[in-house]
Structure formats: structure tokens, C-alpha cells
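Here the structure comes first, spelled out in C-alpha cells, and everything after it is commentary.
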Amino acid sequence: MQRIGQSRDIHRLTSGKSLVLGGIRIPSPYAVDAHSDGDCLLHAIAEAMLGALALGDLGKHFPDTPGKDEGRDSAKMLETVYDMVQKQGFHLGNLDATVHLERPKLASHIVPMRKRIAEILGVATEKVSVKATRGEKVGPIGKEEAIMAECVLLLEKTSRIEFLRKRTSDRKQV
């Protein structure tokens, strides 16, 4: 059995010195206005996973209650969501994500983001595709007011043999 998930996340940009994207900190003239660390790429991935299995959205699992969990690490959120996916008997087939940001340019950060996302999920880097594009001075992204990430992914049902093999492998690593 296979399930497809799709999501998009957008955040307003504010002045700053860096932003968190794909689980890494990137020097930037902007920061992200968000309740968590504002990593819209990891948010889009997590929400696509939740959607693929009809488990609700990020707000359901991680509400932005004032004064609670502010600055939450999005990598921890994604780990929690992927744990939910695995408990439902699925694993990541692959994901393809696109970040929309006018600047800074992200080309030199793509490989580190892919590696970090793969590390968070415990999968091969080849299962993670990240691309970046600009807004070409059009709309809130092009006018440097916002950052957006989109993700589409495939979850595959884990066979009982694969599940037991992974579980045994995980125990040996602990």
C-alpha cells in the first residue's frame, strides 16, 4: 500500500541575521515570524506526512498556544511525526520539496539540508530532494515579505519482515 502526501507552509519574514531551513541555520538578512523556529521546509514535510495518513495537521499536534513551546525545534516536530508514521506501519518512499525564497540564494545549502532531513528521518539522502526557486520580484515571496515551502511525498506500507529487521537494527544501535 502506498499513500501520497502534499503540503505547503508559508511564514512572514522579519529582519534578522539568520533563518532555520531544512534543519540547518542559514545566514540571512531575515528571520521568520513564527511560534516555533519557523522552519517552513520541515513543517511542509511533517504536514505532508500527516496528510498522507489522514492524521490531521501540525496545529492539531503542536498547537501555537501563547507562552507554550515557543521557539519549538522543528526537527523534533518532524521526528515526532515520522514516529507516528512508522507506528502506523509506513516508511518514507521519497520526498520532493521546493523552497520559495527571494534571498539569500540557497544553492550552497541544498546538500546540507538534504543530509540533515535524511538524518532526522533516518533514511538515505537519495530519498530526499530539495530544490529552491525565487519569486522573481512578484508577490510576497518576490517582494521579500515571505518564505514558502512545498512538499510532496510517498509513504509505503512497511512489510512485517522489514519492520522486524529495522526494529532489530535500531536496538543494536542503542
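The values are calculated or read from the model by the stated rules, or taken from the named source; none is laboratory data. For clarity, every value in this text was computed on a predicted model and none was experimentally measured. Virtual Cβ from ideal backbone geometry, glycine too; neighbours counted across all protein chains shown.
Condition first: at pLDDT below 85 and either within 12 Å of the chain's Cα centre (by Cα) or of a type outside the set (A, V, I, L, M, F, W, C) (or both). Now tell me which residues in segment 59-88 satisfy that. Before you say what the answer is, go through the steps one by one.
Within segment 59-88, the first condition is being at pLDDT below 85, and the residues that meet it are 59, 61-72.
Result: GLY59, HIS61, PRO63, ASP64, THR65, PRO66, GLY67, LYS68, ASP69, GLU70, GLY71, ARG72.
Is it true that SER15 is surrounded by 14 or more Cβ atoms within 10 Å (Cβ to Cβ) and of a type in the set (Ser, Thr, Tyr)?
Numbers: surrounded by 14 or more Cβ atoms within 10 Å (Cβ to Cβ): no; of a type in the set (Ser, Thr, Tyr): yes.
The answer is no for SER15.
How do the pairs read when you match residues in segment 20-32 that are within 14 Å of MET113 (Cβ to Cβ) and free of Cβ contacts under 8 Å to residues at least 60 places away in the same chain with residues anywhere that are outside any strand (DSSP E or B) and not aromatic (Phe, Trp, Tyr), using Cβ under 6 Å and keeping only pairs 6 or more apart or on different chains?
That search, which allows pairs on different chains as well, returns VAL20/ASP37; VAL20/ASP39.
Counting only residues that are more than 23 Å from SER129 (Cα to Cα) and either basic (Lys, Arg) or in contact (Cβ under 8 Å) with a residue 24 or more places away in the chain (or both), how many does segment 45-67 have?
Within segment 45-67, residues that are more than 23 Å from SER129 (Cα to Cα) and either basic (Lys, Arg) or in contact (Cβ under 8 Å) with a residue 24 or more places away in the chain (or both) number 4.
Does GLY51 fit the bill of being within 27 Å of LYS157 (Cβ to Cβ) and over 15 Å from the mean Cα position of the chain (by Cα)?
Numbers: within 27 Å of LYS157 (Cβ to Cβ): yes; over 15 Å from the mean Cα position of the chain (by Cα): no.
No.
Could you say whether any residue in segment 105-116 is touching a residue at least 60 places away in the same chain (Cβ under 8 Å), assigned to a loop (DSSP other than H, G, I, E, B) and within 28 Å of SER15 (Cβ to Cβ)?
yes
Identify, please: which residue in segment 120-149 is part of a strand (DSSP E or B) and surrounded by 16 or more Cβ atoms within 10 Å (Cβ to Cβ) and is, among those, nearest to the chain's Cα centre (by Cα)? Outline the logic, then answer.
Just the residues of segment 120-149 that are part of a strand (DSSP E or B), to begin with: 128-133, 146-149.
Retained after the next criterion (residues that are surrounded by 16 or more Cβ atoms within 10 Å (Cβ to Cβ)): 128-130, 132, 146-149.
Working: VAL128: 10, SER129: 11, VAL130: 10, ALA132: 14, ALA146: 17, ILE147: 14, MET148: 11, ALA149: 9 Å.
Among them, the one singled out is ALA149.
Please work out if ASP57 is loosely packed, with under 15 Cβ neighbours inside 10 Å, in contact with a His (Cβ under 6 Å, 6 or more places away or on another chain) and closer than 30 Å to SER15 by Cβ.
Working: loosely packed, with under 15 Cβ neighbours inside 10 Å: yes; in contact with a His (Cβ under 6 Å, 6 or more places away or on another chain): no; closer than 30 Å to SER15 by Cβ: yes.
Considered against the rule, which asks whether it is loosely packed, with under 15 Cβ neighbours inside 10 Å, in contact with a His (Cβ under 6 Å, 6 or more places away or on another chain) and closer than 30 Å to SER15 by Cβ, ASP57 comes out as no.
Report yes if ASP64 is among the acidic types (Asp, Glu), farther than 19 Å from GLN86 by Cβ and out of contact with any helix residue (DSSP H, G or I) (no Cβ under 6 Å at 6 or more places or on another chain), otherwise no. Explain how you work it out, then say what you get.
Details: among the acidic types (Asp, Glu): yes; farther than 19 Å from GLN86 by Cβ: yes; out of contact with any helix residue (DSSP H, G or I) (no Cβ under 6 Å at 6 or more places or on another chain): yes.
Against the criterion (among the acidic types (Asp, Glu), farther than 19 Å from GLN86 by Cβ and out of contact with any helix residue (DSSP H, G or I) (no Cβ under 6 Å at 6 or more places or on another chain)), ASP64 qualifies.
Could you list, in sequence order, all residues of segment 61-94 that are over 14 Å from LEU153 (Cβ atoms), of a type in the set (Ser, Thr, Tyr) and buried (at least 16 other Cβ atoms within 10 Å of the Cβ)?
SER74
Considering segment 14-65 alone, what residues qualify as being among the hydroxyl-bearing types (Ser, Thr, Tyr) and in contact with a Lys or Arg (Cβ under 6 Å, 6 or more places away or on another chain)? Can you show your working first?
Step one: list which residues in segment 14-65 are among the hydroxyl-bearing types (Ser, Thr, Tyr), which gives 14-15, 18, 28, 30, 36, 65.
Correct list: SER18, SER36.
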